[in-house]
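> Below: one structure in structure tokens.
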Amino acid sequence: QVQLVESGGGLVQPGGSLRLSCAASRIIFSLYAMGWYRQAPGKQRELVAAVTSGGSTNYADSVKGRFTISRDNAKNTVYLQMNSLKPEDTAVYYCNANSPSGRNNYWGQGTQVTVSS
């Protein structure tokens, strides 16, 4: 069974930083496109950042310049470095893995990020 396990969430003050990690198992990680999504209360889930198997990245406009997605294929892990956090970044953050064909799509259980003073 494919597993995506997120970690690194928590409570941080505005302007602070967090690094989220997502460890994948039972997939050929290097072939998958990986993404981070978030869902705030009462809102739809939205894409935050994604990285292809080749290393190309894209970001939501709201996080450009503040967040960085990266992957370590040797560790089957994708990261999201979040700097200059704002209260509006508060949400549950989910890791996503998408197979090369697009037919297989997996989600982690989510990790809460709260930005508050």
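> With labels modelled as points extended 7 Å from the Cα through the Cβ direction, what inter-label distance (nm, one decimal) is found for K75 paired with R103?
Result for the modelled spin labels: 3.2 nm.
> Now, a different point. Could you state the number of Å between the C-alpha centres of the range 16-74 and the range 86-117?
If we compute the Cα centre of each part, the gap is 7 Å.
> Return the FRET efficiency for the residue pair K43, V2: r is the Cβ-Cβ distance, R0 is 35 Å, and the value is rounded to the nearest 0.05.
About 0.85, to the nearest 0.05.
> Treating cross-link reach as a plain straight distance, find the lysines whose alpha-carbon is under 21 Å from the alpha-carbon of K86, omitting any fewer than eight places away in the same chain.
Here the lysines satisfying the reach criterion relative to K86 are K43, K64.
> Accessible area of R71, 1.4 Å probe, to the nearest 10 Å²?
Answer for R71: close to 50 Å² accessible.
> Further, regarding this structure: Order of 90-97, 47-54 by packing, highest average Cβ count within 10 Å first?
Result, highest mean Cβ count within 10 Å first: 90-97, 47-54.
> Per residue, how large is the accessible surface of the chain? Use a 1.4 angstrom probe and give square angstrom.
It amounts to 53 Å² per residue over the chain.
> In whole Hz and in residue order, list the ³J(HN,Hα) couplings for the range 26-37 that follow from phi through the Karplus curve 6.51 cos²θ - 1.76 cosθ + 1.60, θ = phi - 60°; x for Gly and Pro.
6, 9, 7, 3, 5, 8, 8, 7, 10, x, 10, 10
> Using each residue's phi in the range 78-93, evaluate 6.51 cos²θ - 1.76 cosθ + 1.60 at θ = phi - 60° and report the 3J(HN,Hα) Karplus result to the nearest Hz, with x for Gly and Pro.
Calculated HN-Hα couplings, in order: 10, 10, 9, 8, 10, 10, 6, 5, 10, x, 6, 7, 4, 4, 8, 9 Hz.
> Next up: Based on Cβ point charges of +1 for Lys and Arg and -1 for Asp and Glu, what charge dipole magnitude is obtained for the chain about its Cα centre, in debye rounded to the nearest 20?
Working: 11 positive and 6 negative charges, 27 e Å.
About 140 debye.
The values are calculated or read from the model by the stated rules, or taken from the named source; none is laboratory data. This one's a predicted model, so the numbers in the text were calculated from it and none came from an experiment. Cβ sites come from the backbone with ideal geometry, for glycine too, and all protein chains shown count toward neighbours. Accessible surface is based on the protein model in full, side chains and every heavy atom, while ligands, DNA and RNA are left aside. Shrake-Rupley method; radii C 1.70, N 1.55, O 1.52, S 1.80 Å.
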